Amino acid sequence: MKSNIIIALIAAATFASCSSSKTYFSTQIRRKVESSGTPLTQLQYYIDRDVELSREILKDETKVTSGIVRFENGKNLNIITLKKNTPGVCTKVLPDKILVSFEVGDDKFLTFGKTKYATDTDPYKVLANSWIGDYGSITYEGKNYFIHSGTEASIMIKTSELTKEEVNKRKMKGRVITGSTNPTPAAPVAPTN
């Protein structure tokens, strides 16, 4: 009895892990999704690794809208973290890139797209306005932030999104004879033995 329960739990865990598998979103995947007629704004996206955005808080700023404030090396820093597998939605579709928002609000999005030397099978990566060494400079909430970790961050979608099929199904209602003339019923046939 115990072994049957253990086998059932293993099977359930295996099924759950298979159904939640994800695929990196690339130019090739984008073409496949678009050719199926599915809008990119209707997909659920996921970040593939932890990302940290930070910016120095200026002395004349009175309020920080999101993230945490940390005092580091004599500076007050506003830090926003994005954890691996956080779901996001596409808010805008552009050629070779999309804007993905992981929280509600104006200007709260990251840009993902095809990098300069990427092939069609390479995943869409986070894009920055400019790069200073290993740090990417981006605009978030209308302010300048730096990406300290997660500069190679990519987005993923559920693999099941690629195999979705649209099925139109209906049931036939049947037909009945209309009008005043009824055909003569056939004579019953006697059973033969």
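For Val89, Val51, give the ranking by accessible area with the largest first, probe 1.4 Å. Working shown, then result.
Values: Val89 70, Val51 5 Å².
Putting Val89, Val51 in descending order of accessible area: Val89, Val51.
Can you pick out the pairs among Lys75/Lys116; Lys32/Lys83; Lys75/Lys125; Lys114/Lys158; Lys22/Lys171 whose Cα atoms lie more than 24 Å from each other? Could you put the intermediate results ahead of the total?
Values: Lys75/Lys116 34 Å; Lys32/Lys83 28 Å; Lys75/Lys125 30 Å; Lys114/Lys158 19 Å; Lys22/Lys171 35 Å.
Pairs exceeding the cut-off: Lys75/Lys116; Lys32/Lys83; Lys75/Lys125; Lys22/Lys171.
Only loop residues by DSSP count here, and only those with at most 16 other Cβ atoms within 10 Å; note down the GluC sites (Glu not before Pro) in region 72-172 that meet that. Walk me through the numbers on the way to the answer.
Numbers: sites: Glu72, Glu103, Glu141, Glu152, Glu161, Glu165, Glu166; in loops: Glu103, Glu141, Glu152, Glu165, Glu166.
Filter output for region 72-172: Glu103, Glu152, Glu165, Glu166.
Return the Cα extents of region 87-162 along principal axes one, two and three, sorted largest first, each rounded to a whole Å.
Here the Cα extents, ordered largest to smallest, are 35, 31, 23 Å.
In square angstrom, rounded to the nearest 10, how much accessible surface does Arg49 have for a 1.4 Å probe?
Counting only protein heavy atoms, Arg49 exposes about 90 Å² to solvent.
The values are calculated or read from the model by the stated rules, or taken from the named source; none is laboratory data. Owing to the predicted nature of the structure, the values given are computational and were not obtained by experimental measurement. All Cβ positions, even for glycine, are placed from backbone atoms using ideal geometry, and neighbour counts span all protein chains on display. What goes into the accessible areas is simple: the full protein's heavy atoms, side chains included, and nothing from ligands, DNA or RNA. Shrake-Rupley method; radii C 1.70, N 1.55, O 1.52, S 1.80 Å.
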